[in-house]
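J.: There's a structure below that I have some questions on.
The values are calculated or read from the model by the stated rules, or taken from the named source; none is laboratory data. Since the model is a prediction, treat every value here as computed from it, not as a measurement. Glycine gets a Cβ as well: all are built from the backbone with ideal geometry, and neighbour counts include every protein chain shown. What goes into the accessible areas is simple: the full protein's heavy atoms, side chains included, and nothing from ligands, DNA or RNA. Shrake-Rupley method; radii C 1.70, N 1.55, O 1.52, S 1.80 Å.
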Amino acid sequence: MKKQLPALIAALLMTGFVTFVMVVTGVNALMNKNIEQTTASSSSTNAGTVSPAQVRELQNRINEYAQRELEYQKREKQYQQELQSNMLVQQQATQQTRQVKELLMALQSRGLIQIQENGNIMITGKPGN
């Protein structure tokens, strides 16, 4: 019985201490002003208390973004047209380059010109030289 009495006192002291800590923590949570303010501000926002001025401002901003989107779409369409036009010009230039090369090769094969290694063209004027 001598060992049971100190164990019982120790258990009561520990239980009392844990209870005291839990009570202090609970009272602190109830008295904390910051938590109440945060809860109140979030509930008022969720309650739908948006002023008509805020609604107009948001609608104006939405309209502004819609106008920007239309401008961007117009620009994109213009850029697409310019790109197609440039591609057509490039195709025409490629075709003309090919035709010039074919002409030079035909003239060289007939002996009317000689294309030197450095790219200079010498006109012979006589076929077969």
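J.: Step by step: first the residues of segment 46-61, then only those that are in a helix (DSSP H, G or I) and surrounded by fewer than 10 Cβ atoms within 10 Å (Cβ to Cβ), then the one that is modelled with the lowest pLDDT. Which residue is that?
T.: Filtering segment 46-61 for residues that are in a helix (DSSP H, G or I) and surrounded by fewer than 10 Cβ atoms within 10 Å (Cβ to Cβ), the one modelled with the lowest pLDDT comes out as N46.
J.: Assuming Q108 fulfils every condition listed in (1) surrounded by fewer than 10 Cβ atoms within 10 Å (Cβ to Cβ); (2) touching a strand residue (DSSP E or B) at 6+ places or on another chain (Cβ under 8 Å) apart from one, which condition is it?
T.: Of (1) surrounded by fewer than 10 Cβ atoms within 10 Å (Cβ to Cβ); (2) touching a strand residue (DSSP E or B) at 6+ places or on another chain (Cβ under 8 Å), only one is false for Q108: (1).
J.: Between residues in segment 93-109 that are under 14 Å from I123 (Cβ atoms) and residues that are open to solvent by 70 Å² or more (accessible area, probe 1.4 Å) and not in a helix (DSSP H, G or I), which pairs lie under 7 Å by C-beta distance while being six or more apart or on different chains?
T.: Pairs found: Q108/Q114.
J.: State all residues of segment 85-129 that are at positive phi and within 54 Å of the chain's Cα centre (by Cα); if no residue qualifies, say none.
T.: Listed by number, the list holds a single entry, G119.
J.: Would you pick out the residues in segment 111-128 that are surrounded by 10 or more Cβ atoms within 10 Å (Cβ to Cβ) and of a type in the set (V, I, T)?
T.: I113, I115, I121, T124, listed by residue number.
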